[in-house]
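Beneath this line is the structure, given in structure tokens, with notes to follow.
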Amino acid sequence: MPLRLRHSPSTRTGPPTAGRLAGVAATVAMAAGFALLGTGCSPSGNDDAAASASDPIDPLAAMRWEARSAEVSPGIAGDLIAGGNGTWSCASCHGAKGEGTEQIPALAGLPAGYIAKQLADFATGRRKNASMNYVARGLSEKEMAALGRFYAEMSLEAPAGASLGGDMDRGRELALRGDWRVSAPACYSCHGSSGWGVGPSFPPIAGQQPVYLYQQLTAFATGRRDNDPENFMHDVARVLSDADRRALADYLASRPPRQELTSPAGSRSEQTDATTNPAQTEGDG
């Protein structure tokens, strides 16, 4: 069934507020609760579900894809990863281990629902990138869901590292505390205490490619990308200066991905952004 969009352009002109931040977070939390109860769990179960699966303002969209991904075998994605079925090889751009490179994002460890929703948005043209629009249009919903699960079951082995010359102290401040002088919330308030992500709507950002992070923050700020729930990232990114976006991208790219902060026994290390004294800066660079 073809994916459809239901999108109403935002008319907001002011900066994001604490109330709006709380409202978006509450909406997504409520959506997660409905998803756990099994409400509308397939993106193609009916017309409304298929439409909302790629509706950028629907907070349930990524949750629907997450549920759909759990129903398919990641093995379906094998030929797509290697290019064995005549399509472009995912690995040829995103790396054999899903690590990405420079302008191409790391996919390893991203939530299945997030990846599948992005593919659906590329397929419909909601999210624009000439290469990805072409590739995604050739995928079925089942293949999108399988690709999401395949990469979600991988682990990002190492952080990409800083490369933009950004101010690491400023990046850390924005990630941990935000800057309410310009109404910028902390990145970690939505993306998790160490940038490890919170569900499929707020993906991990720690260890991601810095050029990609910077480009996406800029795209959100200018409106070139607008496929996030409620256009919330536009409201956040547009109040940041170019220097802030570079600082934030470099800082986040330098942070260890989730499994690097996990002991062999499976327990989290105590040395995370959330538990480190904010006054300490050792290891931030």
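Please go through region 63-79 and give me each residue that is in contact with a helix residue (DSSP H, G or I) (Cβ under 9 Å, 6 or more places away or on another chain) and either acidic (Asp, Glu) or buried (at least 19 other Cβ atoms within 10 Å of the Cβ) (or both), ordered by number. Write out each step before concluding.
If we filter region 63-79 for residues that are in contact with a helix residue (DSSP H, G or I) (Cβ under 9 Å, 6 or more places away or on another chain), which is where we start, we get 63-78.
Those that are in contact with a helix residue (DSSP H, G or I) (Cβ under 9 Å, 6 or more places away or on another chain) and either acidic (Asp, Glu) or buried (at least 19 other Cβ atoms within 10 Å of the Cβ) (or both): 63, 64, 65, 66, 67, 68, 69, 71, 72, 74, 77.
For region 134-153, the count of residues that are β-branched (Val, Ile, Thr), modelled with pLDDT under 95 and in a helix (DSSP H, G or I) is at least one.
Results for (1) in contact with a Lys or Arg (Cβ under 6 Å, 6 or more places away or on another chain); (2) modelled with pLDDT of 85 or more; (3) not in a helix (DSSP H, G or I), shown as yes or no for each residue.
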position: 31; (1), (2), (3): no, no, no
position: 42; (1), (2), (3): yes, no, yes
position: 49; (1), (2), (3): no, no, no
position: 55; (1), (2), (3): yes, no, yes
position: 64; (1), (2), (3): no, yes, no
position: 69; (1), (2), (3): yes, yes, no
position: 80; (1), (2), (3): no, yes, no
position: 85; (1), (2), (3): no, no, yes
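Number of residues in region 162-193 that are part of a loop (DSSP other than H, G, I, E, B), at pLDDT 95 or above and within 18 Å of the chain's Cα centre (by Cα) equals 4.
Residues that are within 26 Å of residue 226 (Cβ to Cβ), free of Cβ contacts under 8 Å to residues at least 60 places away in the same chain, part of a helix (DSSP H, G or I) and not basic (Lys, Arg) are absent from region 99-110. When the residues of region 214-224 are filtered to those that are hydrophobic (A, V, I, L, M, F, W, C) and crowded, with 23+ Cβ neighbours inside 10 Å, the one that is nearest to residue 59 (Cα to Cα) is 220. Contact map, region 194-205: residues that are farther than 14 Å from residue 175 by Cα paired with residues that are β-branched (Val, Ile, Thr), Cβ distance under 6 Å, separation 6+ or inter-chain. Pairs shown: 201/28.
Is it true that some residue in region 150-158 is within 17 Å of residue 71 (Cα to Cα), among the charged types (D, E, K, R) and over 17 Å from the mean Cα position of the chain (by Cα)? No; the residues of region 150-158 include none that is within 17 Å of residue 71 (Cα to Cα), among the charged types (D, E, K, R) and over 17 Å from the mean Cα position of the chain (by Cα).
Using the structure shown, decide if residue 199 is crowded, with 17+ Cβ neighbours inside 10 Å, touching a strand residue (DSSP E or B) at 6+ places or on another chain (Cβ under 8 Å) and either of a type in the set (Val, Ile, Thr) or more than 20 Å from residue 241 (Cα to Cα) (or both). Against the criterion (crowded, with 17+ Cβ neighbours inside 10 Å, touching a strand residue (DSSP E or B) at 6+ places or on another chain (Cβ under 8 Å) and either of a type in the set (Val, Ile, Thr) or more than 20 Å from residue 241 (Cα to Cα) (or both)), residue 199 does not qualify.
The values are calculated or read from the model by the stated rules, or taken from the named source; none is laboratory data. Owing to the predicted nature of the structure, the values given are computational and were not obtained by experimental measurement. Neighbour counts run over all protein chains shown; Cβ positions are idealised from the backbone, glycine included.
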